[in-house]
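Quick one: the structure is below, and I'll ask about it shortly.
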Amino acid sequence: MQRTESSSGSARIRLDQPRTARPGLISLPAYDPEAFGKLSERIARFLGTGRFIVWMTVVVLVWVVWNTLLPDTVHFDDYPFIFLTLVLSLQASYAAPLILLAQNRQDDRDRVNMEQDRARSDRNIADTEYLTREVAALRHGLGEVATRDFLRSELQALLKELDERQGAPEVL
């Protein structure tokens with residue numbers, strides 16, 4: 001385990017990080033975690049299909065028929081289905097961790113997608129707020145500009161005033 005210096009000067013073991021390989025000890029073979037993860041996802045996808053259920057049912061039925069209906073000399077499971085139970089337990093013991101690994105990888109992808117969606121949502125909110133401020137500024141600016149209705153009413157008032165002047169006798 002990795003050691004770090006604490007504020008008191010004593011070394012402490014970090015539990016949040018895996019141990020590094022020690023020289024002189026037997027080293028385990030290296031593997032590509034990405035390739036192993038992809039393989040586990042493919043297996044987990046297959047285990048979740050109807051095809052797997054059908055094949056598993058066929059294997060179990062053939063096993064049961066072989067060890068019950070055929071003569072005792074050809075039985076390969078001498079005790080009633082003990083070996084079948086062992087094989088099914090072994091399959092389940094490998095399937096469960098592979099399915100969990102595939103689920104963890106999917107959770108990681110979902111987490112990344114959620115973070116990207118959250119960032120996109122934040123950008124959309126910022127853009128919307130900016131556009132709202134711009135529209136408010138335009139409305140405020142338009143409040144000081146003469147509108148079409150205002151101009152019509154002013155022109156009508158001027159026309160009425162001109163009509164009144166033309167109808168009145170001229171005084172010099």
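The values are calculated or read from the model by the stated rules, or taken from the named source; none is laboratory data. As the structure is a prediction and not an experimental result, all values here were calculated from the model. Methodologically, a virtual Cβ is constructed for each residue, glycine included, from the backbone with ideal geometry; neighbour enumeration extends over all protein chains shown. For the accessible areas, the whole protein counts, side chains as well, though only heavy atoms, and no ligand, DNA or RNA atoms are used. Shrake-Rupley method; radii C 1.70, N 1.55, O 1.52, S 1.80 Å.
If I ask for residues that are polar (S, T, N, Q) and surrounded by 14 or more Cβ atoms within 10 Å (Cβ to Cβ), which ones from the stretch 38-54 would you list? Explain how you work it out, then say what you get.
Applying the first criterion (polar (S, T, N, Q)) to the stretch 38-54 yields 40, 49.
Across the stretch 38-54, the qualifying residue is only Ser40.
Take the residues of the stretch 117-169 that are of a type outside the set (S, T, N, Q) and assigned to a loop (DSSP other than H, G, I, E, B): which is surrounded by the fewest Cβ atoms within 10 Å (Cβ to Cβ)?
Checking each candidate, the answer is Pro169.
Looking at (1) of a type in the set (S, T, N, Q); (2) modelled with pLDDT of 90 or more; (3) over 31 Å from the mean Cα position of the chain (by Cα), which is the only condition Asn113 fails?
For Asn113, the exception is condition (3).
Can you tell me which residue in the stretch 67-96 is nearest to Ile53 (Cα to Cα), limited to those that are of a type in the set (Asp, Glu) and open to solvent by 70 Å² or more (accessible area, probe 1.4 Å)?
That would be Asp78.
List every residue pair whose Cβ atoms lie under 6 Å apart, where the two residues are 6 or more positions apart in sequence or sit on different chains, the first residue falls within the stretch 80-103 and is over 15 Å from Arg42 (Cβ atoms), and the second residue, located anywhere, is outside any helix (DSSP H, G or I).
Close Cβ pairs (under 6 Å, with a partner that is outside any helix (DSSP H, G or I)) amount to Phe83/Asp77.
Given the conditions (1) open to solvent by less than 80 Å² (accessible area, probe 1.4 Å); (2) in a helix (DSSP H, G or I); (3) without any contact (Cβ under 8 Å) to a residue 40 or more places away in the chain, and given that Met114 satisfies all but one, which numbered condition is not satisfied?
Of the numbered conditions (1) open to solvent by less than 80 Å² (accessible area, probe 1.4 Å); (2) in a helix (DSSP H, G or I); (3) without any contact (Cβ under 8 Å) to a residue 40 or more places away in the chain, the odd one out for Met114 is (1).
Among (1) touching a Gly at 6+ places or on another chain (Cβ under 6 Å); (2) farther than 30 Å from Thr49 by Cβ, there is one condition Arg105 misses while meeting the rest; what is its number?
Exception for Arg105: condition (2).
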